[in-house]
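Structure first, commentary second.
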Amino acid sequence: MGEVFSPAADGDLARARDGDEAAFTRLVRPLRPELHAHCYRMLGSVHDADDALQDALLRAWRGLARFEGRSSLRSWMYATSVRRCCSSRCSASPPPRSPR
């Protein structure tokens with residue numbers, strides 16, 4: 001999937017960096033379904049994917065100033081989501097052991 005930014009999207013990125021939540025929402029809205037599907041594939045649970053995506057979006061919002069534009073926003077959002085899913089899997093408690 002190629003990502004083509006329009007002048008409006010570039011403007012939304014600048015506004016989102018300045019704290020405009022609506023602009024951030026417009027930027028990530030088209031990416032949400034595929035990011036959610038990716039989180040679901042990694043975590044195996046719709047509920048866990050919902051939580052991971054919500055947290056990844058929050059982290060992206062808070063860290064938007066660090067987005068340097070060397071990659072597409074889509075790639076950056078995927079990386080943010082993957083890191084969140086991996087941290088979720090690492091922090092999950094292991095399944096209970098069966099008695100011997």
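Across the stretch 33-38, in residue order, what do the Karplus-derived ³J(HN,Hα) couplings come to in whole Hz, using 6.51 cos²θ - 1.76 cosθ + 1.60 with θ = phi - 60° and x for Gly and Pro?
Working through the residues one at a time gives x, 6, 5, 5, 4, 5 Hz.
What does the net charge come to around Asp12 if you take all other residues with beta carbon closer than 9 Å to its beta carbon, with K and R at +1 and D and E at -1? Provide the component values of the computation, followed by the final result.
Details: positive: Arg15, Arg26; negative: Asp10, Asp20.
Spelling it out: positives minus negatives among the neighbours equals 0.
Mind giving me the FRET efficiency for Ala14 and Arg41? R0 is 25 Å, r the Cβ-Cβ distance, nearest 0.05 is fine. Please report the intermediate quantities before stating the final value.
Values: r = 33 Å, r/R0 = 1.30.
Calculated value: 0.15.
Mind giving me the nanometre distance, one decimal, between the label points for Glu34 and Arg83, set 7 Å out from Cα along Cα→Cβ?
Taking the simple label geometry, Glu34 and Arg83 are separated by 2.0 nm.
Please compute the net charge surrounding Trp61, taking Lys and Arg as +1 and Asp and Glu as -1 over other residues with Cβ under 11 Å from its Cβ.
Values: positive: Arg17, Arg59, Arg62; negative: Asp20, Glu21, Asp55.
Taking every other residue near Trp61 into account, the sum is 0.
Coordinate-derived values only; no laboratory data. Keep in mind that what you see is a predicted model, and the values were worked out from it rather than measured. Backbone-built Cβ (ideal geometry, glycine too); neighbour counts: all protein chains shown.
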